[in-house]
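Down below is the structure, laid out as structure tokens.
Every number in this text was worked out from the coordinates using simple rules, so none of it is lab data. Quantities reported herein were computed from a predicted structural model and do not represent experimental measurements. Note: ideal-geometry Cβ built from the backbone for every residue, glycine included; neighbour counts use all protein chains shown.
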Amino acid sequence: MQLKRRSFFKLAAVGAVTAVTTPCTVKAWESKAPQDSYGCLVDISRCIGCRKCEQACNAVNELPTAARSFDDLTVLDEKRRPDATKFTVVNRYNTGRIDDKGLLVADFVKVQCMHCQDPACVSACITGAMSKHSNGAVHYDASKCIGCRCCMVACPFEIPAYEYHNPITPKVMKCTFCETLQREQNKPPACATICPTEAITFGKRNTLLNLAKKRLHDNPGRYVKHIYGEKEVGGTSWLYLSKVPFAKLGFIKLPFNPLPRLTETLQHSLFSYLWSPALLFTLLGGVMYRSHKKQSAHQPDNTQQPGGAL
Amino acid sequence: MSHHEPYNPLPVRRPLWTPGVLVMLVFMVAGGITVLMRFSGGIGAVANLSTARPWGLWVGVDVATGVALAAGGFTTAALAHILGRHHYEPVVRPALLTAMLGYTFVVLGLLVDIGRSWAIWKPMVYWNTNSVLFEVAMCVMIYLNVLYVEFLPIVIEQFEGRVALPGFLAGLNLPVEFFLRFADKVLNKTMWVFIISGVVLSCMHQSSLGSLMLIAPTKLHPLWFTPVLPLLFLTSALAVGYPMVVVESTLVSSSLNTDNEMAVLAPLSRIAIGLLGFYLVLKIGDLLLRGSWIYLFDGTFQTNSFLVEVGLGVITPLWMLWSPRRRQSQRYLFIAAALIVGGVVLNRVNVFIIGFTPPVTQDHYTPALGELLVTFGLIATLMFIYRVLVTYLPILSQSRGDIKP
């Protein structure tokens, strides 16, 4: 365990250079959101809860046959969540909303991956198995996945599900934004295509935001003045318009800051070019060198440094 | 090693198969069977994990707590070898062994927990430098190897010049002998690199384990969610290092009748209260600055768990060890150190399990029997291997008169 004078000075030089030159090159956090990506606008007031989107999703993504038929609307009697066998579900909410004829009406909310603009799952993923594509999709690549489930911990919408009963090759399961349909056949996601009431509009996210704002402007009083997904966690590809407050429809209040900002800022300011480990290594090397020199001075007969074998 | 120190690590020549060891075996078998079930029926066959609660006991205890409690390895190495306080030499080897086994079992626990255990090598090829977990994984991987290197001199000391492998392995005697001699020569010159690296890597991932949950601000309870969580994790790891050594050393010396290390443990505990006090100041300062103290008395399970964590795990031991007279009592010292260890365990459990409250589904999580069996099985195996290694390698310090041939 000898720390020789010469090796210490070499070490100190390397450490000092790294520590002085690198921190100034660390940049402030920047959003990596794609500029011209696609999205979907869901107008909750138009959804009739027919579950056709669930059916189309199941077929396109070749998911297991559902236990109950997609025509069976009694499924809506309880609240469901997307899981490893369904990428999207529609839930019914009875909020006491009364329509033009004075009748009580229910609201139906489609739930799926929101395809965040700055996704927490992508930032958290240890191998980059989760990635944000320029078309807006948050893509999962099973070939890189190790199954740590950090994406699931990170997701503010609690969306990614897991094949917990597959012992060797389980996958993270979530909405794919029908990327293959979009890429190979230039078609919108299956749920958007099949929707009979045009509750789901597919298009460029910026166009959809303008469309949503136009609907808010043209129909005063029809909607609550909020486009859910415009700013939540820095923005999501899926956007929602609603007649009743979102809090009553299972949407949680989320910060407008992209979630990766804090952890990525911490990580990059602390570890860019490994400046802090290099500095700490040098400091500890200095302390070790001093403490050994002091000891050798006390024991002139002992040429071997103490602790040769731990 | 300097010859003038009253420090004499020797193998513990005592019967291995005691009743305690047999109890460990029972847990090991039960854990083993559960692991077989996990690798035939999937994680879902033995664990209560769900979409909203993807991490449970295995990550919270086997991984996060395991890493924290292995901190004795780098804190004692820093004290004895970097700061040059060779007085503490007798606890360095047992702490190093605990760290080496602790980290080995962190990786074993991870292999059970991650869905694709066979893919654990992939982060070495596919890098996501934005990911906190990536940095933690790299540090843990390198540090585990550093720990093995740091442990090698103990093996060399015992076997160099007398390698005699049993049976058909005897043919390897010469190569092993050659390797030990070579390693001895190289390590003698380079050990300082490994010792400093060990401390640096530890500081990096002990703190980053705290950054891990900062990606989920809506899920982690505000009593724990703070941008300074990495600093709190690092400080608490530093603070728990020496108390862990005290607990372990007391348990080992009383069950194996080896030297009682009070001469070392009492001053160690003095450093520990300094670190623990600093941790408490940070923690209280954080509560006040963020205003999250308003949750303290709302009576929820999370809040009560926080109060126990800080009250019983930080303030009580701090008060107990404040007076130098009490620090000299082995019993007081042991209880206080055990409280500190318990406090850090509860802190990690709080951050990763109890304080993790997903707001959309509000899913609850209680560990399944299978999860408990795997965790206890891993801990029992760790203790068993510790017992085997101190039996055959010069790790525990003993007075010469005490050795039975």
- [ ] May I ask you to list the chymotrypsin sites (Phe, Trp or Tyr not before Pro) in segment B:88-190 that are in a DSSP loop and have at most 10 other Cβ atoms within 10 Å of their Cβ?
- [x] B:TRP121
Open item on the list: With a 10 Å cut-off between alpha carbons and a GNM built on chain B, which of B:VAL46, B:VAL59, B:VAL281 moves the most?
Closed with: B:VAL281
- [ ] For chain B, find the longest principal axis of its Cα atoms and tell me its angle to the long axis of helix B:132-159, 0 to 90°, nearest 10.
- [x] 20 degrees
Open item on the list: I'd like the orientation of helix A:205-218 relative to chain A: the angle between its Cα long axis and the longest Cα principal axis, in ° from 0 to 90, rounded to 10.
Closed with: 50 degrees
Open item on the list: Return the Rg/Rh ratio of chain B with Cα-based radii and a Kirkwood Rh.
Closed with: 0.97
Task: Kirkwood hydrodynamic radius over Cα pairs of segment B:164-203, then Stokes diffusion coefficient at 10 °C and 1.306 mPa s, in µm²/s - done: 131 µm²/s
TODO: Average the reciprocal distances over every distinct pair of alpha-carbons in segment B:329-382, invert the result, and give the Kirkwood radius in Å.
DONE: 13.7 Å
Task: Relative contact order (percent, whole number), chain A, Cα cutoff 8 Å, 6+ residue spacing - done: 27 percent
Task: Residue-count net charge about A:ARG215 - beta-carbon cut-off 15 Å; Lys, Arg +1, Asp, Glu -1 - done: +2
TODO: Give the angle, between 0 and 90 degrees and rounded to the nearest 10, that separates the Cα long axis of helix A:5-21 from the longest principal axis of the Cα atoms of chain A.
DONE: 30 degrees
Open item on the list: Under the 0.36 nm per residue contour assumption, what length would be gained going from the current alpha-carbon distance of B:ALA45 and B:LEU288 to full extension?
Closed with: 83.1 nm
Open item on the list: Quick check: Cα centre of segment B:286-326 to Cα centre of segment A:81-111, how many Å?
Closed with: 44 Å
- [ ] Could you bin all the Cα-Cα distances of segment B:199-275 into 10 Å bins starting at 0 and give me the percent of pairs in each, rounded to whole numbers?
- [x] 18, 33, 27, 16, 5, 0
Open item on the list: If I take all pairs of Cα atoms in segment A:26-152, what percentage of them are more than 17 Å from each other?
Closed with: 68 percent
Task: In range of the label at A:ARG97: residues from segment A:164-202 whose backbone nitrogen is under 14 Å from the point 7 Å along Cα→Cβ - done: A:199-200
Open item on the list: To check you understand DSSP bridge types, tell me what percent of the beta bridges within chain A (both residues inside) are antiparallel, rounded to 5.
Closed with: 85 percent
Task: Only Lys, Arg (+1) and Asp, Glu (-1) charged, at Cβ; the protein assembly as shown dipole about Cα centre in debye - done: 940 debye
- [ ] Could you go through segment B:270-276 in sequence order and give the Karplus-derived ³J(HN,Hα) for each residue, using 6.51 cos²θ - 1.76 cosθ + 1.60 with θ = phi - 60°, rounded to whole Hz, and x for Gly and Pro?
- [x] 5, 5, 4, 5, x, 5, 5
Task: Cβ-based exposure ranking for A:GLU184, A:GLU264, B:GLU160, in which fewest neighbours within 10 Å come first - done: A:GLU184, B:GLU160, A:GLU264
Open item on the list: Starting from the Kirkwood Rh over alpha-carbon pairs, what translational D in µm² s⁻¹ does segment B:110-269 have by Stokes-Einstein at 10 °C and 1.306 mPa s?
Closed with: 81 µm²/s
Open item on the list: I'd like the per residue volume of the convex hull spanned by the Cα atoms of chain A, given in cubic angstrom.
Closed with: 194 Å³
Open item on the list: What whole-number volume per residue, in cubic angstrom, does the convex hull of the C-alpha atoms of segment B:37-191 give?
Closed with: 178 Å³
TODO: Filter the cross-link list A:LYS52/A:LYS243; A:LYS253/B:LYS219; A:LYS174/A:LYS231; A:LYS214/A:LYS243; A:LYS144/A:LYS174; A:LYS32/A:LYS231 down to pairs whose alpha-carbon distance in this structure exceeds 19 Å.
DONE: A:LYS52/A:LYS243; A:LYS174/A:LYS231
TODO: Divide, for segment B:261-358, the radius of gyration over alpha carbons by 2.2 N^0.38 Å, where N is the residue count.
DONE: 1.18
Open item on the list: Placing unit charges on C-beta atoms (Lys and Arg positive, Asp and Glu negative, everything else neutral), compute the dipole magnitude of segment B:49-365 about its Cα centre in debye, rounded to 20.
Closed with: 360 debye
Task: For the protein assembly as shown, the fraction of alpha-carbon pairs in successive 10 Å shells from zero, as % - done: 3, 13, 22, 23, 17, 11, 7, 3, 1, 0, 0
Task: Förster radius 35 Å - calculated FRET efficiency between A:LYS213 and A:GLU179 (Cβ-Cβ, nearest 0.05) - done: 0.80
Task: 19 Å tail of the calculated P(r), segment A:48-113, as % of Cα pairs - done: 34 percent
Open item on the list: For a bin width of 5 Å, list the pair-distance distribution of segment A:107-223 built from all Cα-Cα distances, rounded to whole %.
Closed with: 2, 10, 17, 20, 18, 15, 10, 5, 2, 1, 0
TODO: Would you work out which of B:ASN188, B:GLY291, B:ASN347 lies farthest towards the positive end of the dipole of segment B:49-365? Charges go on Cβ: Lys and Arg +1, Asp and Glu -1.
DONE: B:GLY291
- [ ] Could you point to the residue in A:ALA84, A:CYS116, A:PHE256 farthest towards the positive end of chain A's charge dipole, with +1 and -1 charges on the Cβ of Lys/Arg and Asp/Glu respectively?
- [x] A:PHE256
- [ ] May I ask which residue of B:PRO367, A:HIS165, A:CYS151 lies farthest towards the positive end of the charge dipole of the protein assembly as shown, with charges of +1 (Lys, Arg) and -1 (Asp, Glu) on Cβ and the Cα centre as origin?
- [x] A:CYS151
Open item on the list: Please compute the length gained on full extension between A:SER143 and A:HIS268, using 0.36 nm multiplied by the number of residues separating them and subtracting their Cα-Cα distance.
Closed with: 42.3 nm
- [ ] Let me have the 222 nm mean residue ellipticity of chain B computed from DSSP H runs of 4+ only, each contributing -39500 (n - 2.57), with the sum over all residues rounded to the nearest 500.
- [x] -21000 deg cm²/dmol
- [ ] Would you work out the charge dipole size for chain A about its Cα centre, treating the Cβ of every Lys and Arg as +1 and the Cβ of every Asp and Glu as -1, and quote it to the nearest 20 debye?
- [x] 980 debye
TODO: Enter the per residue convex hull volume of segment B:129-207, computed from alpha-carbon coordinates, in Å³ rounded to the nearest integer.
DONE: 118 Å³
